[in-house]
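Okay, structure first, notes after.
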Amino acid sequence: MTQRNAESPNGSHAHAPYDLVFAGKRIHFIGIGGSGMSGLAQMLRNRGAAVMGSDQSWSPLLERLENLGIHTHVGDGMSVLPNDLDLVVYSAAIKHDHPELLAASERSIRTMTYAEVLGLAQQQCTSLSIAGTHGKSTTTAMTAWVLLRTGLDPSVIVGATCEQIGGGSRNGAARIPTGKMQGAPGVMVCEACEFNRSFHQHRPTIAVINNVEADHLDCYRDLEAIIQSFREFAGLLPSSDKGGKLLIAHEGAHRREVCSDLGCAVATWGFSPSADFQVVYDGKAQRVGILQDGIWVAQWTNQMPGDHNALNSAAAAITSHWLGADWEAIAEALCEFRGLDRRSHFKGARTLQGGGKVRVFDDYAHHPTECEKTLRALRVSERPRRLICVFQPHQASRTRHLMAEFASSFSNANIVLVPDIFFSRDSEIDKQTVTSSDLVDKLRELGTDARHHHPFEAINRELEAICQDGDLVVTMGAGPVYKIAETFLGSELQAPLDWVKNVRSA
């Protein structure tokens, strides 16, 4: 990986260095339907690899991959696992006793995690890794869009779908084509997830840390361990004389602990006048501005509501400027950014039988802070008659450990409808430790109108019964709760039966 780009006859750099690793390789992805995994699969295919993959269930992402020419298999991929593979890549959700991993081991096929392969792809790039408990996907997508619009042509991996950047990934220029960093290795913008310490495999040149809170307590002992993990992530940055830079939130990211003894340059941003980059936000107009050393450098209007998205967009602006984009062009691009799937995403309006309309939104929020900020932003920006939240808890460990925080995070909702917990990576013992009814009881203790519904489909019957003209419904959570919104709007996504039959038999 130390080999430099070979120049083409005209003196330009035709290929990024990581082409030399992946081009011509046969690579199988286990869990290819995940946002990050599907994005990485597309990127490696475009870098010259022959890519295929499997996942346990059908999803629109699998259909998208098929349409791009990447063969996918639904269910156990043992029957389609070729013997001549060079590499098997698996997501963080895949356990070590997975049949395909065991088969790869028996056949002496090399296996690597998603994060390890992503780290390889970052080497010799001007890599920007965006981390934090909240806001990673939004900030990554915003930054990617700004860099695209300002001519810096980045490669991108983001854990969500953003149509403005072409989905969840793209391949950009091998060298930065314009700006003050013209000629440097091409920009690669990546979401950096702290789950299972995956982001320790990243190899960033520049990094963002949005915030640091207690989460993923199934793999971290406590908040102190999480802070230490972020500190180790920041320690991956090169020294300042080699271009290493960290942008960290002035408040809410434990910056003193995270930034101690770092060799890279460090700057802070936030609403405080003491931050290196002060952010100013007018919530009603959704107008955002940045002051550096008390001087206005940029201002724009966000289409995504909320002070959290004001901070996300400011981080995108600052890092884009570091990479060579002009402030005025950055502001113009941010005004145009429409958002990404499952982040305060307006799904449509439903006309009620008795007249009147209900607006429907969907959001990925699954942590108390995310829930609170999203609901407050919708309350301020949309001003609904009533705000009805359908919240699906995600994981037993998160629900149990953060029960009190969840109970206090729904004060901006008039009604909270709670289906059963979506269990992910939970053991059978964990599943017995907490229920959605426990959360509903806590919400009611604080005066929130909360109701537990089982089965899942009962939520839609409740919405049909209670919705009135002027209401806003938001489905919220990391599981399949978005299907409630689609069913309520009459546009539930279903797998084409012929296509599912074909991929199962392939």
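All but one of (1) charged (D, E, K, R); (2) in contact with a strand residue (DSSP E or B) (Cβ under 7 Å, 6 or more places away or on another chain); (3) modelled with pLDDT under 95 hold for ARG359; state the number of the condition that does not hold.
(3)
Does LEU62 satisfy the criteria of being under 25 Å from PHE337 (Cβ atoms) and touching a residue at least 24 places away in the same chain (Cβ under 8 Å)?
Judged against the criteria, LEU62 is not a match.
Please go through (1) buried (at least 20 other Cβ atoms within 10 Å of the Cβ); (2) in contact with a Lys or Arg (Cβ under 7 Å, 6 or more places away or on another chain); (3) of a type outside the set (A, V, I, L, M, F, W, C) for THR126 and return the number of the only condition it doesn't satisfy.
(2)
Which numbered condition in (1) touching a residue at least 40 places away in the same chain (Cβ under 8 Å); (2) within 25 Å of VAL158 (Cβ to Cβ); (3) out of contact with any Leu (no Cβ under 8 Å at 6 or more places or on another chain) is the only one that GLY283 fails?
Against the list (1) touching a residue at least 40 places away in the same chain (Cβ under 8 Å); (2) within 25 Å of VAL158 (Cβ to Cβ); (3) out of contact with any Leu (no Cβ under 8 Å at 6 or more places or on another chain), GLY283 comes up short only on (2).
Restricting the search to the stretch 151-182, which residues are of a type in the set (Ser, Thr, Tyr), more than 12 Å from the chain's Cα centre (by Cα) and farther than 22 Å from GLU116 by Cβ?
THR178
Please enumerate the residues belonging to the stretch 53-93 that are within 20 Å of the chain's Cα centre (by Cα), closer than 21 Å to GLU116 by Cα and polar (S, T, N, Q).
Within the stretch 53-93, SER91 is the sole residue that qualifies.
If you go through the stretch 386-412, how many residues are among the aliphatic types (A, V, I, L, M) and in contact (Cβ under 8 Å) with a residue 60 or more places away in the chain?
Of all residues in the stretch 386-412, those among the aliphatic types (A, V, I, L, M) come to 387-388, 390, 396, 402-404, 407.
Still in the running and in contact (Cβ under 8 Å) with a residue 60 or more places away in the chain: 387-388, 390, 402.
So the count comes out to 4.
Considering only residues that are buried (at least 19 other Cβ atoms within 10 Å of the Cβ), touching a Leu at 6+ places or on another chain (Cβ under 8 Å) and outside any loop (DSSP other than H, G, I, E, B), which ones fall in the stretch 338-375?
The answer is LYS347, ARG350, VAL358, VAL360, PHE361, PRO368, LEU375.
Within 18 Å of SER408 (Cα to Cα) and of a type in the set (Asp, Glu): which single residue out of ASP441, ASP426, ASP420, ASP469 fits that description?
Within the list ASP441, ASP426, ASP420, ASP469, the selection yields ASP441.
Inside the stretch 424-453, can you point out the residues that are of a type in the set (D, E, K, R), without any contact (Cβ under 8 Å) to a residue 24 or more places away in the chain and within 22 Å of GLU372 (Cβ to Cβ)?
ASP441, ARG444
Scan the stretch 178-204 residue by residue and report those that are in a loop (DSSP other than H, G, I, E, B), of a type outside the set (D, E, K, R) and within 18 Å of GLY243 (Cβ to Cβ).
Scanning the stretch 178-204 gives THR178, GLY179, MET181, GLN182, GLY183, ALA184, GLY186, ALA192, HIS202, PRO204.
Taking the stretch 353-373 as the region of interest, how many residues are closer than 16 Å to SER411 by Cβ, in contact with a Ser or Thr (Cβ under 6 Å, 6 or more places away or on another chain) and of a type outside the set (Gly, Ala, Ser)?
3
Please count how many residues of the stretch 24-64 are at pLDDT 90 or above, more than 12 Å from ILE157 (Cβ to Cβ) and among the aliphatic types (A, V, I, L, M).
Counting residues in the stretch 24-64 that are at pLDDT 90 or above, more than 12 Å from ILE157 (Cβ to Cβ) and among the aliphatic types (A, V, I, L, M) gives 7.
Scan the stretch 325-337 residue by residue and report those that are in a helix (DSSP H, G or I), of a type in the set (Gly, Ala, Ser) and farther than 21 Å from GLY167 by Cα. Can you show your working first?
Initially, the stretch 325-337 is screened for residues in a helix (DSSP H, G or I), giving 327-336.
Narrowing the set further to residues that are of a type in the set (Gly, Ala, Ser) leaves 329, 331, 333.
Across the stretch 325-337, the qualifying residues are ALA329, ALA331.
Residue under question is MET142, and the condition is that it be at pLDDT 90 or above, in contact with a helix residue (DSSP H, G or I) (Cβ under 9 Å, 6 or more places away or on another chain) and assigned to a loop (DSSP other than H, G, I, E, B); does it hold?
On the way: at pLDDT 90 or above: yes; in contact with a helix residue (DSSP H, G or I) (Cβ under 9 Å, 6 or more places away or on another chain): yes; assigned to a loop (DSSP other than H, G, I, E, B): no.
No, not satisfied.
Given the criteria modelled with pLDDT of 95 or more and over 23 Å from the mean Cα position of the chain (by Cα), does TRP327 qualify?
yes
Which is surrounded by 20 or more Cβ atoms within 10 Å (Cβ to Cβ), among the hydrophobic types (A, V, I, L, M, F, W, C), modelled with pLDDT of 90 or more and farther than 26 Å from GLU370 by Cα, of ILE176, ILE206?
That would be ILE176, the only listed residue that is surrounded by 20 or more Cβ atoms within 10 Å (Cβ to Cβ), among the hydrophobic types (A, V, I, L, M, F, W, C), modelled with pLDDT of 90 or more and farther than 26 Å from GLU370 by Cα.
Do we find a residue being buried (at least 24 other Cβ atoms within 10 Å of the Cβ) and not in a loop (DSSP other than H, G, I, E, B) anywhere in the stretch 418-425?
yes
Tally time: how many residues in the stretch 150-169 are surrounded by 19 or more Cβ atoms within 10 Å (Cβ to Cβ), in contact (Cβ under 8 Å) with a residue 40 or more places away in the chain and outside any loop (DSSP other than H, G, I, E, B)?
Looking only at that region, the number is 11.
Let's see how each residue does on (1) in a helix (DSSP H, G or I); (2) over 27 Å from the mean Cα position of the chain (by Cα); (3) closer than 16 Å to VAL358 by Cβ:
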site	(1), (2), (3)
ALA377	yes, no, no
VAL390	no, no, yes
SER397	yes, no, no
SER409	no, no, no
ALA450	no, yes, no
ALA478	no, no, no
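The values are calculated or read from the model by the stated rules, or taken from the named source; none is laboratory data. All values reported here derive from a predicted model rather than from experimental measurement. Here Cβ is always computed from backbone atoms with ideal geometry, including for glycine, and neighbour counts include all displayed protein chains.
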